[in-house]
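Engineer: Just dropping this structure here.
The values are calculated or read from the model by the stated rules, or taken from the named source; none is laboratory data. Remember, predicted model here, so these are calculated numbers, not experimental data. Cβ sites come from the backbone with ideal geometry, for glycine too, and all protein chains shown count toward neighbours. To get the accessible areas, we keep the full protein, side chains included, count just its heavy atoms, and leave off ligands, DNA and RNA. Shrake-Rupley method; radii C 1.70, N 1.55, O 1.52, S 1.80 Å.
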Amino acid sequence: MTSPENDAGLQGNIRPEVLRTLAAFGRHLAGTLRPHTIVAHLAEALSAHFEPEALGIALFDLDSNRLKLMHAMPEESPCIGAALDLGMRRGPVLLPSATPLFSPQENIPPNTPACWLAVPLEGRRIVSGAIALGASAGRYHANDLAILEAFAAQGSLALESAHIVDQVDTGKRSWADTVDAISLAICLVDDLGRVRRANRAFAELVSAPAAEVIGRPWLALVPPSWGDGVQTALEAAGPHREIDLRAGDRSFSVTAFRSGHGSESLRILVFLDRTEHRRLQDQLIQSEKMSAVGQLVAGVAHDLNNPLASVLGFADFLVESPDVPSNLREPIRVIQQESLRAATIVRNLLGFARKQEHRRQKTQLRQLLDGTLVLLRNQLMADRVEVRIEIEPEFPGLHINHNQIQQVFVNLIHNASQAITSTGRPGEITIRARQGIQSVIIEVADDGPGMPEELAAQAFEPFFTTKPEGQGTGLGLNICQGIVKEHGGRITVTTAPGEGATFTIELPLEETDASEPGMTTPFPLQTPAFRILLIDDEPHILHYLRTTLETWGHQVESAPDGQTGLEMASAGNFDLIISDLRMPRLGGREFYEILVGKNPAMAQNVVFSTGDTVRGDTLDFLEREGRPYLTKPFSLAELRNLLGLMASQRSSALRA
């Protein structure tokens with residue numbers, strides 16, 4: 001084994017030809033970056049110079065934290081591993097005997113070289129492995145160990161360089177994979193406008209193979225209409241300068257960032273596809289508009305329902321009056337019918353704009369479709385589209401959410417009408433309904449232009465539309481599909497170019513009890529005489545109600561607002577109080593809440609009338625209090641039914 005005091009004289013004893021061999025070996029390794037090749041060159045040089053009887057080269061494996069034998073001669077020599085391990089742990093060693101390689105309990109195998117050299121492959125930063133040489137006794141000396149260290153030093157530097165290059169390559173590949181995984185289109189541009197680097201998203205954006213993008217001017221790659229926008233972004237590079245770009249019906253934005261060091265000026269261009277964002281933004285704006293329209297509808301409906309209540313009420317009154325001349329009865333019936341028609345239109349409009357509820361009830365399909373067509377009547381007439389309804393006899397009632405399923409039919413009929421309009425000719429929509437074994441089947445068919453199979457397959461996807469920009473959000477059919485699925489059914493489309501389109505809705509059959517909400521039982525026409533208080537800010541409604549109720553034999557008093565009505569209710573004893581909800585000074589809700597505190601028994605006789613059932617707070621109040629209410633405009637039949645209900649409740653209370 002060598003000692004430190006012998007090291008000083010070693011270099012002077014190395015022959016010049018050995019130095020030339022080492023220099024040649026260094027040149028041979030220059031540029032070699034594969035560890036296996038470096039080991040092969042090292043084994044070849046050591047075999048030529050030392051002519052060993054045993055030679056082993058091992059590299060340290062980080063995964064197993066052990067030496068991994070890369071070269072062994074002879075291949076099955078048990079002492080090579082021990083010598084390599086010793087050189088790795090203890091540094092350069094010269095063993096004049098093989099005894100230290102084995103424990104005292106082990107027998108030294110026959111033909112084991114007696115003399116050994118072992119050195120670590122130690123570079124500037126890492127120990128990458130070890131070398132071991134074996135020969136006959138007295139064959140190796142201190143100079144040989146120094147020469148082996150010189151070979152090992154050059155091999156270590158080459159291995160370390162290979163390791164560094166491999167790390168760099170791995171880092172580049174990882175970085176390239178990471179950048180390619182980003183959905184943003186990114187490219188690096190130099191001061192001459194050439195693309196230095198780009199990710200896969202950028203190559204897809206400009207429709208060019210990734211290998212052909214590098215080195216080309218960015219101006220030759222992007223759409224011509226983007227030239228000015230991208231140039232503006234490059235000139236004003238910074239994270240807060242975003243330039244909008246358009247490509248057909250798609251929207252993009254580009255932002256430039258400064259990069260580079262020293263004299264080199266580079267820019268990073270980042271392109272973001274904002275098409276989906278724009279569509280969501282447009283949909284949000286549309287949703288806000290619809291919300292505003294809903295509030296507008298509530299106010300307009302209230303303002304319409306009040307005069308309609310007077311017109312319909314007086315028309316009903318005159319139709320029942322025996323004193324009306326016979327020649328006026330037909331005009332009065334026309335007034336009555338047209339008032340009912342206007343009231344139906346307002347009611348359907350309110351129903352469609354009303355906040356969607358999850359409650360389902362038995363609904364007749366014919367009535368639902370008739371109400372839907374009233375809403376779409378003007379559009380269908382303008383589009384010269386006729387709608388035919390074919391419902392088979394004994395078609396069952398549907399247990400559905402009326403408003404949601406009406407929305408489905410509004411969307412389907414509206415889409416079919418627009419499709420027919422695109423042909424420039426009149427057309428027809430046919431709605432057929434039949435009962436299956438366990439479901440009902442409703443078809444909405446049009447004779448429009450139809451769709452190719454590939455478009456039909458996308459019909460229910462969100463934001464997919466075949467309409468020109470600004471004429472559709474692409475959400476209608478997707479919403480229809482969601483509503484039908486929520487009802488346990490499904491919706492499909494059958495179409496072909498030139499053959500129109502048929503949307504088929506299948507809904508499960510459900511048995512419902514006949515006494516469910518919405519199924520009312522008529523009460524007798526004759527009721528006991530009541531003392532009634534009417535509270536409403538519309539003089540004509542007070543006049544018509546008072547005249548009608550007094551004709552029926554009731555004692556009636558009236559108040560123009562909630563404050564006056566509260567004073568009268570506190571001073572008198574009324575069998576029935578009919579109060580409007582929206583009034584000046586004191587509204588019907590506040591009137592009722594104060595009356596509950598002052599006279600709870602009298603509050604049990606309050607019935608509300610309102611022309612505003614679209615607002616969520618109104619509906620919540622009516623449902624929470626559980627009081628009966630009349631929806632303006634109401635007919636005399638509905639008023640009689642209310643009186644019968646109150647008489648029945650009064651009779652039950654007296655018996656109790």
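Engineer: In Å², what does the accessible area per residue of the chain work out to with a 1.4 Å probe?
Structural biologist: In whole numbers, the chain has 53 Å² accessible per residue.
Engineer: For helix 562-571, report the angle its Cα long axis makes with the longest principal axis of the Cα atoms of the chain; keep it between 0 and 90° and round to the nearest 10°.
Structural biologist: So the inclination is approximately 60 degrees.
Engineer: Still on this model: Along the Cα→Cβ direction, 7 angstrom out, place labels at ARG125 and SER651. What is the inter-label distance in nm?
Structural biologist: Each label point is offset 7 Å from its Cα along the Cβ direction, giving 10.0 nm.
Engineer: Based on the Cβ-Cβ distance from ARG278 to ASP370, what FRET efficiency comes out when R0 is 45 Å, to the nearest 0.05?
Structural biologist: Calculated value: 0.70.
Engineer: Follow-up question, since we're still on this one. In segment 366-412, what is the volume of the convex hull around the alpha carbon atoms, normalised per residue and reported in Å³?
Structural biologist: 75 Å³
Engineer: Continuing with the same structure: Of the heavy-atom accessible surface of the chain (probe 1.4 angstrom), what whole percent is carbon and sulfur?
Structural biologist: Carbon-and-sulfur percentage of accessible area, whole number: 52.
Engineer: Could you work out how much longer the chain between ALA292 and GLN458 gets when fully extended? Use 0.36 nm per residue separation minus the Cα distance between them, nm to one decimal.
Structural biologist: Roughly 56.7 nm would be gained on extension.
Engineer: On full extension of the chain, what length is gained from LEU328 through THR178, given 0.36 nm per residue of separation minus the C-alpha to C-alpha distance?
Structural biologist: Fully extending the segment from LEU328 to THR178 adds 45.5 nm.
Engineer: Under 13 Å from the Cβ of ARG216, count the other residues' Cβ atoms, weight Lys and Arg +1, Asp and Glu -1, and hand me the total.
Structural biologist: Combined, the nearby Lys, Arg, Asp and Glu give +1.
Engineer: Roughly speaking, what is the stretch gain from GLN231 to LEU219, that is 0.36 nm per residue apart minus the C-alpha to C-alpha distance, in nm to one decimal?
Structural biologist: Answer, rounded to one decimal: 3.4 nm.
Engineer: Same structure, new question: Taking only the Cα atoms of the chain, how large is their convex hull per residue, in Å³?
Structural biologist: Details: hull volume 240.7 nm³, N = 656.
Spelled out: Cα convex hull of the chain, divided by residues, is 367 Å³.
Engineer: Calculate how steeply helix 78-90 sits against the longest principal axis of the alpha-carbon atoms of the chain, using the helix alpha-carbon long axis, and give the answer as 0 to 90 degrees to the nearest 10.
Structural biologist: 80 degrees
Engineer: For GLU17 and ALA211, FRET efficiency with R0 = 45 Å and r from the beta-carbon atoms, rounded to 0.05?
Structural biologist: FRET efficiency, ALA211 to GLU17: 0.35.
Engineer: Distance between Cα centroids, segment 100-158 to segment 13-81: provide it in whole Å.
Structural biologist: 10 Å
Engineer: What angle, in degrees between 0 and 90 and rounded to the nearest 10, separates the Cα long axis of helix 616-625 from the longest principal axis of the Cα atoms of the chain?
Structural biologist: It works out to around 70 degrees.
Engineer: Counting C-alpha atoms alone, how compact is segment 50-196: give Rg to one decimal and Dmax as a whole number, in angstrom.
Structural biologist: 21.9, 75
Engineer: Still on this structure, I have one more. For GLU235, what accessible surface area do you get with a 1.4 Å probe? Give it in Å², rounded to 10.
Structural biologist: GLU235 exposes around 130 Å² with every protein chain in place.
Engineer: Note down the relative contact order for the chain as a percent, whole number, built from C-alpha pairs under 8 angstrom at least six residues apart.
Structural biologist: Details: 1047 pairs, mean separation 51.9, N = 656.
The normalised contact order for the chain reaches 8 percent.
Engineer: On to the next question. So what's the back-of-envelope 222 nm ellipticity for the chain, counting only DSSP H runs of four-plus at -39500 (n - 2.57) apiece and dividing by all residues, rounded to 500?
Structural biologist: On the way: 20 runs with 301 residues, N = 656.
Mean residue ellipticity, 222 nm, calculated: -15000 deg cm²/dmol.
Engineer: Using the beta-carbon distance between SER64 and HIS28 and R0 = 30 Å, what value does 1/(1 + (r/R0)^6) give for FRET efficiency, to the nearest 0.05?
Structural biologist: E(calc), rounded to 0.05, equals 0.50.
Engineer: A further question follows. Can you give me the solvent accessible area of LEU280 with a 1.4 Å probe, rounded to the nearest 10 Å²?
Structural biologist: Rounded to the nearest 10, the figure is 90 Å².
Engineer: Using a basic spin-label model with each label point 7 Å from the Cα along Cα→Cβ, how many nm lie between GLU204 and ASP303?
Structural biologist: The two pseudo-label positions are separated by 5.3 nm.
Engineer: Can I ask one more? Where the centre of each part is set by its Cα atoms, how far does segment 393-443 sit from segment 321-346, in angstrom?
Structural biologist: Cα centres, segment 393-443 to segment 321-346: 32 Å.
Engineer: With N residues in segment 108-170, what two-decimal value do you get for its Cα radius of gyration over 2.2 N^0.38 Å?
Structural biologist: 1.41
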